[in-house]
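What follows is one structure encoded as structure tokens, with my remarks underneath.
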Amino acid sequence: MKYYKSLLSFIATFLITINNLFGQTKQINQIDSLMRHSSQIGIFNGNVLIAKNDNTIYNASFGFTDATKTQKLTPDYKFNIGSITKEFSAVALLQLQEQGKLELDDKVSKFIPELPKWANEVTIKDILQYTSGLPNVNWKKIKSNQDVFDDLKSVDKLDFIPGTQYDYNMNNVFLRQFIIERITGMIYKKYAKKYIFKPCKMNSSEITPIDNVKFIAKGYNNKHIEDKPDFLIGGTFLTTNDLLKFSNCLHSKKLINENSLYELGQQFHQEDTQSALGEAKFVNKHLIQHSHDGRAGSYEAILVSDLDENFTIILLGNNYNGKIFEISDAIKAILKN
């Protein structure tokens, strides 16, 4: 009797496994059809990676490496991920808080005392949640990171009282990087490589300005004009596989603990605002959804993770067409049947 029970249990498990495999094969075929169609009609040029149940189930490239359209992309190519890179400076600040080197309520002036009086009002939390009141970067006169710092020193008045309104702009992000450099004595680029990329084994990731130009997908528009290179420190070029490694590393609390992750996911209490993690949803302080998009020139990027259903969608493109939200939504619908 025991033998027959064991046999029946084995057969049932086998049939369930086969059914799941057939279901996943169908999903992969649907995703492949969607991506090929998106490429053919000219709305996606880039790389896509999809992971489910901790395994990569789809990893493909569509289109070309640059405006000449002579060389095809492969999964080895790196793309500028735009605003998703802001997560790295945010994670770094929470790492420093865990080490006791700062508190989120600390004023900016504690770390950079030579800044104007507004630095006595703005907290670390404000620059993480874009509630500092700082005006945006004066891009017309910026040619280096020193120019960014000098521009911050020339700000004599905030646009609003810190913590009362929301303004998503890059001065908040550059200020994070300057604070990290002051506390650690390291150039931000080196800090990110040592304490974020290396622990996550993100071996192909590069922070601007780029020294190694091998396997860099070049951004270009639909008039076949290439983007100018980024000269400021902080932009990140990476592969779809490295972005998945970062996502997994972050969600498994290898970089920061659960409480820090929760703090990074908090946003200003107003509609259409973002946290330092983009959009993050928690249940009992436990992260269940995480999505972030980015754009830099002709580059576009999106990361969508559903931790309850255990899947991650990554799309990185170098020819902006503004359709990656629709494509990722379609992939999500396929994964959810």
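The values are calculated or read from the model by the stated rules, or taken from the named source; none is laboratory data. All values reported here derive from a predicted model rather than from experimental measurement. Using ideal geometry, Cβ is built from the backbone for each residue, glycine included, and neighbour counts are taken over all protein chains shown. The protein model used for the area step is the full one, side chains on, heavy atoms only, and it has no ligands, DNA or RNA in it. Shrake-Rupley method; radii C 1.70, N 1.55, O 1.52, S 1.80 Å.
Can you name the residue in the stretch 90-148 that is aromatic (Phe, Trp, Tyr) and in a loop (DSSP other than H, G, I, E, B) and, of all such residues, is surrounded by the most Cβ atoms within 10 Å (Cβ to Cβ)?
Once the filter is applied, the top-ranked residue is 130.
Can you confirm whether residue 290 is surrounded by fewer than 22 Cβ atoms within 10 Å (Cβ to Cβ) and either in contact (Cβ under 8 Å) with a residue 12 or more places away in the chain or under 24 Å from residue 317 (Cα atoms) (or both)?
no
Restricting the first residue to the stretch 23-34 and requiring it to be open to solvent by 70 Å² or more (accessible area, probe 1.4 Å) and at pLDDT 95 or above, which pairs with a second residue that is part of a helix (DSSP H, G or I) and not charged (D, E, K, R) meet a Cβ separation below 7 Å and a spacing of at least six or different chains?
Pairs that qualify, where the first residue is open to solvent by 70 Å² or more (accessible area, probe 1.4 Å) and at pLDDT 95 or above and the partner is part of a helix (DSSP H, G or I) and not charged (D, E, K, R), are 30/334.
Output the number of the condition that residue 190 fails; it satisfies all remaining conditions of (1) outside any helix (DSSP H, G or I); (2) open to solvent by 80 Å² or more (accessible area, probe 1.4 Å).
Going through the list (1) outside any helix (DSSP H, G or I); (2) open to solvent by 80 Å² or more (accessible area, probe 1.4 Å), residue 190 breaks only (1).
Just one of 254, 218 is within 15 Å of residue 65 (Cα to Cα) and either outside any loop (DSSP other than H, G, I, E, B) or open to solvent by 60 Å² or more (accessible area, probe 1.4 Å) (or both); which is it?
Answer to the check: 218.
Name the pairs whose Cβ atoms lie under 8 Å apart, with the first residue in the stretch 316-337 and small (Gly, Ala, Ser), the second surrounded by fewer than 18 Cβ atoms within 10 Å (Cβ to Cβ) and in a helix (DSSP H, G or I), and 6 or more positions between them or separate chains?
Filtered contacts from the stretch 316-337: 330/34.
Taking residue 56 as meeting all but one of (1) open to solvent by 60 Å² or more (accessible area, probe 1.4 Å); (2) at pLDDT 95 or above; (3) out of contact with any helix residue (DSSP H, G or I) (no Cβ under 8 Å at 6 or more places or on another chain), write down the number of the exception.
(3)
Do we find a residue being open to solvent by 40 Å² or more (accessible area, probe 1.4 Å) and either modelled with pLDDT under 95 or farther than 20 Å from residue 73 by Cβ (or both) anywhere in the stretch 234-247?
Checked against the condition, which is being open to solvent by 40 Å² or more (accessible area, probe 1.4 Å) and either modelled with pLDDT under 95 or farther than 20 Å from residue 73 by Cβ (or both), the stretch 234-247 yields no hits at all.
Would you confirm whether or not the stretch 196-210 contains a residue that is without any contact (Cβ under 8 Å) to a residue 12 or more places away in the chain, over 30 Å from residue 306 (Cβ atoms) and of a type in the set (D, E, K, R)?
No, the stretch 196-210 has no match at all.
Of (1) on the phi < 0 side of the Ramachandran plot; (2) open to solvent by less than 30 Å² (accessible area, probe 1.4 Å), residue 166 satisfies all except one. Which?
The number of the failed condition is (2).
Suppose we filter 334, 314 for residues that are farther than 20 Å from residue 124 by Cβ and open to solvent by less than 10 Å² (accessible area, probe 1.4 Å); which single one remains?
314
Which residue, of 229, 162, is without any contact (Cβ under 8 Å) to a residue 40 or more places away in the chain, of a type outside the set (Ser, Thr, Tyr) and assigned to a loop (DSSP other than H, G, I, E, B)?
Going through 229, 162 in turn, just one is without any contact (Cβ under 8 Å) to a residue 40 or more places away in the chain, of a type outside the set (Ser, Thr, Tyr) and assigned to a loop (DSSP other than H, G, I, E, B): 229.
Residues in the stretch 61-81: is at least one open to solvent by 10 Å² or more (accessible area, probe 1.4 Å), in contact (Cβ under 8 Å) with a residue 12 or more places away in the chain and in a helix (DSSP H, G or I)?
no
Output the number of the condition that residue 184 fails; it satisfies all remaining conditions of (1) polar (S, T, N, Q); (2) over 20 Å from residue 230 (Cα atoms); (3) out of contact with any helix residue (DSSP H, G or I) (no Cβ under 7 Å at 6 or more places or on another chain).
Among (1) polar (S, T, N, Q); (2) over 20 Å from residue 230 (Cα atoms); (3) out of contact with any helix residue (DSSP H, G or I) (no Cβ under 7 Å at 6 or more places or on another chain), the lone unmet condition for residue 184 is (3).
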